[in-house]
Amino acid sequence: MQTVKLAIAGFGTVGTGLARILEENEEIIFARCGKKFVLSSVLVRDVNKKRDYLPGPDVKFTADADEFTSNPDVDIVVELMGGITVAKDIVTKALEAGKHVVTANKHLLAVHGIELFEIASRNKVGLYYESSVAGGIPIIQSIKESLAGNRIKSIVGILNGTANYILSEMSTNGLEFDTALEQAKELGYAEADPTFDIEGIDTAHKVCVLTRIAYGKDYPLDELPVKGITEVEGQDIRFAREFGYRIKLIGQVRDVGGKLEAGVFPALVKYTLLLARVGGNYNAIRVEGNAVGPAFFHGQGAGSLPTGSAVLADIMALAKTSTPDNTGFCNAPIKKADILAPDLATSEYYFRFTVQDKAGVMAALAKCLAEHNISIAQAVQKDNPDERDIPVVFTTHKASTKDVKAALAEIDKMPFITRKTVSMRILKG
Ligand code: NAP
Ligand code: HSE
């Protein structure tokens, strides 16, 4: 019986999840893979920290990264610590030493992935990352293997469990944003820096990873338009419901006539779409291929066991192959994509203006929008005699990002506007 030795860098939410599954599912893992996986060493910050789960006494815990990386008696290094400095060093050293690497670290991949893929390719080893996107959902393998014969037309997804948990709790249980975020942190969904979750940065990392696996091309992180959910208020969630939508944080990439259009943004999603029904820490991804048509993937996007499950799938896949393909394009170098200028993207929109309730406001708003080629689809003003400032909500027909930016810049300077306007895209199909 062949034994595969694992070293895990990081033994927090995901690391402990992986170790638990290795122990609890030992039998099925062996039956499917024909190999025994042994955890030999673990790197943590603090070896004395009290942990919910501890593996057997043979597993060596260390806080010394040099000691961890210099151990030659390891087949696969599993990076589950996060961050892009120490993690990059550990991954690079492991690949250079001819060891396979499995990582859940989308931040590392988005920023340094192309360089790391080159190092892996040079050393003829695997760098696998199923768990880096959408937690337990097998989306990387599905695009790389099961949809390999398709040209991918679009990928639209809810890719962050924390943001989805917050929006769901605000919508269904009326929780405040901050309370829901605290709960997501306690449940182990949030990043070490939760601003990554709520500002859309984590989703952006995942869009970069998905773009590469779907198109074999890079949409550089620093060029990706990214907007998170911090502007979303309870009243937006209520207005959205009234119009037949749910608010979701969306990450997407699409092929528009050979150019890639991508971005991260909160959107009003038509309640009849499957994406609108995705609640809690769940993620969902709609991939449209030119042969398969639309395919929908749904599952837990964060958390200890779901993410551990995806990490383990990579470990088992690497243990079974002698020719790992890390990029899904035969390890060919990843070049920059031909990008559609973000200002040219078009969408229907939701605007919530906060205005003083006085004559001429509606007319001024409508005039400005018309001057920027933006046509109004619906308009709602809620009268509230107790409030000086009231919300006015418009939905629009399709407009370009460029026109929307220009119109809102003008509107937000108008004397009757009392707060910055909230704008979100609308997804209907
Ligand atoms: P976590 O709970 O914060 O655990 C991080 C672990 O790494 C801890 O054991 C910590 O040691 C160790 N660590 C961090 N920096 C270190 C350093 N400089 N030197 C040595 N050890 C260090 O994080 P997590 O939620 O498991 O996430 C791990 C990775 O998986 C991240 O890249 C994250 O983005 C990704 N991910 C997470 C989820 C999720 O649901 N949580 C899902 C998908 C992907 P101590 O225990 O001693 O502090
Ligand atoms: N913080 C991430 C999320 C973890 O909430 O989705 C999974 O990548």
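The values are calculated or read from the model by the stated rules, or taken from the named source; none is laboratory data. As the structure is a computational prediction, the values presented were derived from the model and not from experiment. Note: ideal-geometry Cβ built from the backbone for every residue, glycine included; neighbour counts use all protein chains shown.
Considering the conditions (1) part of a helix (DSSP H, G or I); (2) crowded, with 19+ Cβ neighbours inside 10 Å; (3) away from ligand 2 (no atom under 16 Å from the Cβ), residue 131 is excluded by exactly one of them, (3). Just so you know, in region 396-429 the residues that are polar (S, T, N, Q) and assigned to a strand (DSSP E or B) include one that is surrounded by the most Cβ atoms within 10 Å (Cβ to Cβ), and it is 396. In region 285-310, the residues that are among the basic types (Lys, Arg) form Cβ pairs under 9 Å with partners that are in a strand (DSSP E or B) and away from ligand 2 (no atom under 14 Å from the Cβ), at six or more places apart or across chains, as follows: 286/154; 286/155; 286/156; 286/294; 286/295; 286/296; 286/297.
So in region 8-35, with the set limited to residues that are under 26 Å from the mean Cα position of the chain (by Cα) and more than 16 Å from ligand 2 (Cβ to nearest atom), which one is nearest to residue 91 (Cα to Cα)? Within region 8-35, the match that is nearest to residue 91 (Cα to Cα) is 9.
Using the structure shown, decide if residue 236 is over 21 Å from residue 299 (Cα atoms), in contact (Cβ under 8 Å) with a residue 40 or more places away in the chain, more than 12 Å from ligand 2 (Cβ to nearest atom) and outside the structural domain of residue 379 (by TED's automatic domain parsing). Yes, satisfied. Filtering region 82-117 to residues that are within 16 Å of ligand 2 (Cβ to nearest atom), within 20 Å of residue 221 (Cβ to Cβ) and among the hydrophobic types (A, V, I, L, M, F, W, C) leaves 84, 87, 104, 108, 109, 110, 111.
Looking only at region 361-384, residues that are assigned to a loop (DSSP other than H, G, I, E, B) and not acidic (Asp, Glu) come to 6 in all. Only one entry of 391, 333, 324 meets the criterion of being touching a strand residue (DSSP E or B) at 6+ places or on another chain (Cβ under 8 Å) and closer than 30 Å to residue 116 by Cβ, and that entry is 324.
For region 4-46, a residue qualifies if it is aliphatic (A, V, I, L, M) and without any contact (Cβ under 8 Å) to a residue 12 or more places away in the chain, and the qualifying residues are 28, 31. β-branched (Val, Ile, Thr), closer than 28 Å to residue 161 by Cα and in the same structural domain as residue 95 (by TED's automatic domain parsing) - does that describe any residue in region 289-304? No, every residue in region 289-304 fails to be β-branched (Val, Ile, Thr), closer than 28 Å to residue 161 by Cα and in the same structural domain as residue 95 (by TED's automatic domain parsing).
The single condition from (1) touching a Pro at 6+ places or on another chain (Cβ under 8 Å); (2) in a loop (DSSP other than H, G, I, E, B) that residue 323 fails is (1). Here 78, 101 are screened, and the one residue that is touching an Asp or Glu at 6+ places or on another chain (Cβ under 7 Å), more than 23 Å from residue 292 (Cβ to Cβ), aliphatic (A, V, I, L, M) and crowded, with 24+ Cβ neighbours inside 10 Å is 101. Selection over region 73-116 of residues that are within 11 Å of ligand 1 (Cβ to nearest atom), free of Cβ contacts under 8 Å to residues at least 60 places away in the same chain and not in a helix (DSSP H, G or I) gives a count of 4. When region 165-193 is filtered for residues that are surrounded by 15 or more Cβ atoms within 10 Å (Cβ to Cβ) and either of a type in the set (Ser, Thr, Tyr) or touching a Lys or Arg at 6+ places or on another chain (Cβ under 8 Å) (or both), the ones remaining, listed by number, are 165, 167, 168, 171, 189. Checking each residue in region 47-63 for being closer than 29 Å to residue 2 by Cβ and within 11 Å of ligand 1 (Cβ to nearest atom) picks out 61, 62.
The residue pairs whose first member lies in region 414-429 and is among the aliphatic types (A, V, I, L, M), whose second member is assigned to a loop (DSSP other than H, G, I, E, B), and whose beta carbons are closer than 9 Å, counting only pairs six or more residues apart or on different chains, are 422/231; 422/232; 422/233; 424/227; 424/231; 424/232; 427/273.
Of the residues examined, residue 29 is one that is assigned to a helix (DSSP H, G or I) and away from ligand 1 (no atom under 13 Å from the Cβ). Being more than 16 Å from ligand 1 (Cβ to nearest atom) and outside any helix (DSSP H, G or I): is that true of residue 11 here? No.
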